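See below for the structure under consideration.
The values are calculated or read from the model by the stated rules, or taken from the named source; none is laboratory data. As the structure is a computational prediction, the values presented were derived from the model and not from experiment. Here the Cβ is made from the backbone with ideal geometry for all residues, glycine too, and neighbour counts use every protein chain on show.
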């Protein structure tokens, strides 16, 4: 009789272990983000602090229903398992007034509390509402361009591109418009984002409580240079701000109608720079469309030719 050799194939690795390894890897990578700073949960001003309170309060209210629901689901699955002889099977059960009251009252309270927080926060954090302070606010006019930010200081008659300098502890009153497509002005650590639209003016009040450099960005997709349309907010002491004003007024180009038309050309990766003088009422001319708007983003390519389309 001929002998046969039996080949023993290795058993496939259970899929559970592969999934567990992936979960562990995700947990470990998430832990590396625990020291990240500079976002919504590390505010540097009163508006950002109030918004963080709203976020955390809303999370706590939602967890009040999410956590009990998860616990009840796991408890019911464990109690009514097939091997539990003590679990009572009641096929004729249909209605319980107490249970209905419990089931509907908790979601109703959650909606009531969340609605109350949203209602109060919407009024207290109205972007156009002045911040409660004894200091005179700094006036700044903002123009969103393709793909850069123009900051005009009307009282000081100067301007800057892609950098906003302000004294710490002083509220800043922004008036915003867009010279091109709709955009969104956002400094996460300082608070509320707000839209900037061509032919319109919106208002925003923010304040930084400490000195530092904060990241600002465009939060609305607006064409090829969107990813690079960011700016710096540098908050300094009052004497340092006065020194910066004097230094800016001493050197740099002029921002008149001709300079603005040159600035209007599409460009990205622009290093911050300043203008030593700005023509009066330039912002109003942009907002009222007395000066021409920008070309808008490059939206499509048709065949071998490239078409430049305007977004309305």
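Take the range 85-110 and flag every residue that is closer than 18 Å to residue 64 by Cβ and surrounded by fewer than 12 Cβ atoms within 10 Å (Cβ to Cβ). Selection gives 101, 102, 103, 104, 105, 107, 108.
Kindly check whether there is at least one residue in the range 210-223 that is in contact with a helix residue (DSSP H, G or I) (Cβ under 7 Å, 6 or more places away or on another chain), in contact (Cβ under 8 Å) with a residue 60 or more places away in the chain and not in a helix (DSSP H, G or I).
As a first pass, look at the range 210-223 and keep what is in contact with a helix residue (DSSP H, G or I) (Cβ under 7 Å, 6 or more places away or on another chain): 218.
When the remaining residues are screened for being in contact (Cβ under 8 Å) with a residue 60 or more places away in the chain, the result is 218.
Now restrict to residues that are not in a helix (DSSP H, G or I): 218.
Yes - at least one qualifying residue is present in the range 210-223.
Of everything in the range 202-218, what is over 23 Å from residue 294 (Cβ atoms) and surrounded by 17 or more Cβ atoms within 10 Å (Cβ to Cβ)? Give them in sequence order. Residues satisfying the conditions are 205, 206, 207, 208, 214. Are any residues in the range 254-279 in contact (Cβ under 8 Å) with a residue 60 or more places away in the chain, loosely packed, with under 14 Cβ neighbours inside 10 Å and part of a strand (DSSP E or B), and if so, which ones? Matches in the range 254-279: 273 only.
Conditions tested, residue by residue: (1) under 23 Å from residue 198 (Cα atoms); (2) modelled with pLDDT of 90 or more.
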site	(1), (2)
105	no, no
118	no, no
126	yes, no
143	yes, yes
150	yes, yes
159	yes, yes
165	no, yes
